[in-house]
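Report on the following structure.
The values are calculated or read from the model by the stated rules, or taken from the named source; none is laboratory data. Since this is a predicted model, take the numbers as computed values, not measurements. So basically every Cβ, Gly included, is an ideal-geometry build from the backbone, and we count neighbours across all protein chains shown.
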Amino acid sequence: MNQTVLVCDDAIFMRTMISDILSQAGFEIVGEAESGVQAVEKYKVLKPDLVTMDIVMPDMGGIEAVREICKGDPEARILMCSAMGQQALVVEAIQAGAKDFVVKPFQPSRVLEAVQRVLA
Amino acid sequence: MDLSKYAALFLAESREHLSACNGSLLEWERDPAALEPVGRLFRAIHTIKGMAATMGYAAVAQLAHATENLLDALRHGRVLTTPDVFQLLFRAVDRLGGMVEVAGDGKDEDPDTGLIAELDAAAVGPQGPAPQTTSAGPAAEEPRSRRASDAPRIRPVQVVIRPNAIMRGARAALVLRRAEALGVVSGLRPPLSQLERDEFDGRFFFRLQTKLPDAEVGAALAVVGDVDAVQFEESAAESNGTSRGRQIRVDLRRLDALMKQVGELVVAKNRLVALSSEASDPTLTELSERISRLVSAMQGEVIAARMTPVGEVFERFPRLVRDLSRDLKKRIRFDMEGEEIELDRSILDEIGDPLLHLIRNAADHGVEPPEQRAAAGKPAEGRILLSATRERNTVALRVTDDGRGIDRASILAKARREGAAPDKLDALTDDLLVRVLARPGFSTAQTVSGVSGRGVGVDVAMTRVRALGGTLEVRSELGRGSTFLIRVPLTLAIVRALLTEAGGERYAVPLAYVAETVEFDQRAVTAVRDREALVVREQVIPTVHLRELVAARSQPPAAKRPTVILEVGERRTALVVDALVGQQDIVVEPFDAPRGLPPFVGGATILADGAPALILDAAALL
């Protein structure tokens, strides 16, 4: 069975791009979220193997969402998606429980490497 | 033998050891399994015991002896490290500090039998005395190396992140996260705040207390990705330490006297240069230039000799924050950065108090109690960061907390009630905020419940900092924390200044605060909130006319007047003057300000031609 992914980003463009990269690599996109609140709710329902999480989102940002998700499931496998120059936020997300990160603009190979590490 | 001449040496050396003891105790308390801190403590206390006994200070020697016994019991595992034991050791070190000072005055106290009894009791431990080995005295022994095979060991770990990796600091944070899953991490260098800003060469270092073999640790950490190497040894920087020349102790008064004389030499030199340029005698010119170079070099050396790392003042703060967090029942992590930044000794001596007030404020009023932090979605442990950075000819000292921030609305309301803020003002900018907080006794009068009582001590800090020719700024965000920024000049005695003229008198402006000089152009004049302002390269800068400030009566000169752009932090002011005279090293003379002197005068000096001139205080002109 394919591994399942929940993609969280407020930009449709980014969600589509990440979904394409991951589904071409054989993952099953089981859900998308466009806010931190949605991400937390959908995680509880879908229990995906992997979450990709944008840092800046409306209605609870990505870091807060990581904290909430990890509160319910410390083993959650969350990959942060960050823009350049957000290093301090990435560090905060890691301390909140994120397992790895990728930096935009995405190179599919880097995204897949990071995903492999998170799922290892 | 006359021991009195050794008393000063005893005092100086004991102080150093006791200060180091505080550091070692803090380090040990953070990581009770660590062996180095207890070893260092033991040796320091042992040294003090020996010196005190030689000097005949029985009270010091006896207390040191009891402390040493307890430390010995602890490092051999006969007694367990508990919070109470640490507290007792802190008290013993404090008491020793007090006794050493008294002893240094040539008096010997009675032994503190109460504290000695407590130390003795603690050294025996709750189970009664354990069988003691009879081999060597405690001093000769090293901390025990015999340990059960599966007991955790503390390993120095150095990790190198691949040079072309993206966000190396975040990668480092992932490695640390991993390491924390394997054991206890301590002694991270460089600190996380530096890693976060990518201010490192990809190498970082920490200690890991773990049961796992090195190979397993290495493999586990390398999985994080972008890791070039994991090594289990002290980094080169760690083992070599900093380069150390031979040093001697010099009485500070000697340096002060030397500085004063160099100051006078500079004034005389300036005068000589001025005279020789008038005389146009080639031999005299050559000689005066040579003297000029020699004096400048000498001045540089004397200033360098007075420069002291700010770490000397910083070192007492970790202990302060520890005690505060204990008293306030808060969890606070205290970090320091830039301890190696240097400041003139005389400024350094004055800066400790303002910092103390600001740090105390941050711990007391900034950082919230753990339950409030949890409710606000913050980590239970609050953070206070004390940092020093060199910025041009000034040093910036920042006290940053991640606490509740300052509630501007409440402060504004209170300022209105006290008539400290106009009614029409509807928000406090950072600038106004610090001015309101620094009003003497602002928040002590009556603190509105729920409002952080900041301001206690801010007025004290402000007064002290201003007296040094420095500035105090604040940045605060409600719910996110506050930063107080003290900016002081590198040195007080001799400063490079821009000489300006207004109404026939000359005024010196310290170059440290001069951003640039431009021409006052009537066409570039605009108005901001009823104030005249100058547009310089699309930036609007409020103007101040020196002629008006000093109430000059003479006829104003031509329309095109030079303008000095003053810059303190991010604030700027355009100072319009009659003329620019030139640059000069000026010696700041001790100055008892006469009553009624306007606040924009920061001091006085003697110029190269022997005439006196006032020094303008840039911060007061903004």
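Details
- Within segment B:36-58, being in contact (Cβ under 8 Å) with a residue 24 or more places away in the chain and surrounded by fewer than 17 Cβ atoms within 10 Å (Cβ to Cβ) holds for B:Gly39, B:Thr47, B:Thr54, B:Gly56, B:Ala58.
- On the stretch given as segment B:160-213, residues that are among the basic types (Lys, Arg), more than 12 Å from chain A (Cβ to nearest Cβ) and surrounded by fewer than 16 Cβ atoms within 10 Å (Cβ to Cβ) total 2.
- Residue check for A:Ser82: in contact with a Phe, Trp or Tyr (Cβ under 6 Å, 6 or more places away or on another chain) and either more than 11 Å from chain B (Cβ to nearest Cβ) or buried (at least 20 other Cβ atoms within 10 Å of the Cβ) (or both): yes
- Any hit, segment A:94-117, residues being more than 9 Å from every other protein chain (Cβ to nearest Cβ), surrounded by 14 or more Cβ atoms within 10 Å (Cβ to Cβ) and of a type in the set (Ser, Thr, Tyr): no
- Strands (runs of 3 or more DSSP E) enclosed by segment B:441-532 - at least 1 residues per element that are at pLDDT 85 or above and either among the hydroxyl-bearing types (Ser, Thr, Tyr) or outside the structural domain of B:Asp349 (by TED's automatic domain parsing) (or both): B:471-477, B:481-489, B:494-502, B:505-510, B:514-520
- Test: residue in segment B:324-332 that is touching a strand residue (DSSP E or B) at 6+ places or on another chain (Cβ under 8 Å), within 23 Å of B:Gly469 (Cβ to Cβ) and either in a helix (DSSP H, G or I) or of a type in the set (A, V, I, L, M, F, W, C) (or both): no
- Odd one out for A:Val91 among (1) touching a helix residue (DSSP H, G or I) at 6+ places or on another chain (Cβ under 7 Å); (2) more than 9 Å from chain B (Cβ to nearest Cβ): (2)
- Summed over segment B:1-35, the residues that are over 25 Å from B:Leu80 (Cβ atoms) and either in contact with a Lys or Arg (Cβ under 8 Å, 6 or more places away or on another chain) or surrounded by fewer than 16 Cβ atoms within 10 Å (Cβ to Cβ) (or both) give a count of 13.
- When residues of segment B:365-386 are limited to those that are in contact with a helix residue (DSSP H, G or I) (Cβ under 9 Å, 6 or more places away or on another chain), more than 14 Å from chain A (Cβ to nearest Cβ) and touching a residue at least 60 places away in the same chain (Cβ under 8 Å), the one nearest to B:Glu477 (Cα to Cα): B:Ile384
- Unique residue being within 24 Å of B:Ala374 (Cβ to Cβ), more than 12 Å from chain B (Cβ to nearest Cβ) and surrounded by fewer than 17 Cβ atoms within 10 Å (Cβ to Cβ) when the list is A:Val37, A:Val45: A:Val37
- Inter-residue pairs, beta-carbon under 8 Å, first in the same structural domain as B:Glu505 (by TED's automatic domain parsing) and among the hydroxyl-bearing types (Ser, Thr, Tyr) and in segment B:560-581, second outside any strand (DSSP E or B) and at pLDDT 90 or above, 6+ apart: B:Thr563/B:Val577
- Residue selection: A:Cys70 fails the criterion of being closer than 21 Å to B:Gly169 by Cα and more than 11 Å from every other protein chain (Cβ to nearest Cβ).
- Residue match in segment B:261-269 (condition: assigned to a helix (DSSP H, G or I), touching a residue at least 40 places away in the same chain (Cβ under 8 Å) and loosely packed, with under 14 Cβ neighbours inside 10 Å): yes
- For segment B:214-224, residues that are touching a residue at least 40 places away in the same chain (Cβ under 8 Å) and either away from chain A (no Cβ under 14 Å) or surrounded by fewer than 18 Cβ atoms within 10 Å (Cβ to Cβ) (or both) total 4.
- Some residue of segment B:298-308 being more than 30 Å from B:Gly457 (Cα to Cα) and outside any helix (DSSP H, G or I): no
- Odd one out for A:Val111, checked against (1) assigned to a helix (DSSP H, G or I); (2) farther than 22 Å from A:Gly26 by Cβ: (2)
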